[in-house]
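Here's the structure we're looking at; comments come further down.
The values are calculated or read from the model by the stated rules, or taken from the named source; none is laboratory data. Please read these numbers as outputs of a predicted model, since none were measured by experiment. Heads up, the Cβs are rebuilt from the backbone with ideal geometry, glycines too, and the neighbour counts pull from every protein chain shown. Note: areas computed on protein heavy atoms with side chains; ligands, DNA, RNA excluded. Shrake-Rupley method; radii C 1.70, N 1.55, O 1.52, S 1.80 Å.
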Amino acid sequence: RTPSLARSLAVVGLVMLVPLFMDSYAKSGRLLDHYYLSGGTATHRLSWVGLAGTLFSPGRGLLIYSPVLLFSLVGLWLKGRRRELGLLDAVLIGTILMHWVSLSLFASNWWGGHSLGPRYFTDMNPFFAFYLIPLLQKPLGTTWPSRAAAYGLLAFLTMVSVAIQWCSVS
């Protein structure tokens, strides 16, 4: 609907990477600092265990700590079905996918651990939350019972996510 706004936001998002690259280069002589390279332990091999672990690990998994974000996939599907996907969506989805793959590529011997640890997908939560918006724009489900079930599950997973975050902090 507003392609110029989406294009502008995508350009601003990409331009914002320039200071990150400049800062990293000034500190380490690389475009990405060691922080982004897991201490320089890059394997340069895609780790299926790492890909699954970042999503489902009991100690660090995105969908374990924030199960409500499963509805982000529903929101993304709804945007696609409504033919509302644009340049901003391409940038957001690309960023999420590059982040997910880079976690696997740059963490040698990735393992989920036996206790709480760094949650590598935390930085991507706003991107996932963006895809919850379509769920609230138009009602889910075609009948009252299916709509009530969908929003009931969304509310339940939201409460579970909040409770998990609350308990892991205290």
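Name the residue, out of 7, 83, 30, that is at pLDDT below 85, open to solvent by 30 Å² or more (accessible area, probe 1.4 Å) and in a loop (DSSP other than H, G, I, E, B).
Numbers: 7 fails: in a loop (DSSP other than H, G, I, E, B); 83 fails: at pLDDT below 85.
Answer to the check: 30.
So residue 63 passes all but one of these: (1) open to solvent by less than 30 Å² (accessible area, probe 1.4 Å); (2) without any contact (Cβ under 8 Å) to a residue 24 or more places away in the chain. Which condition number does it fail?
(1)
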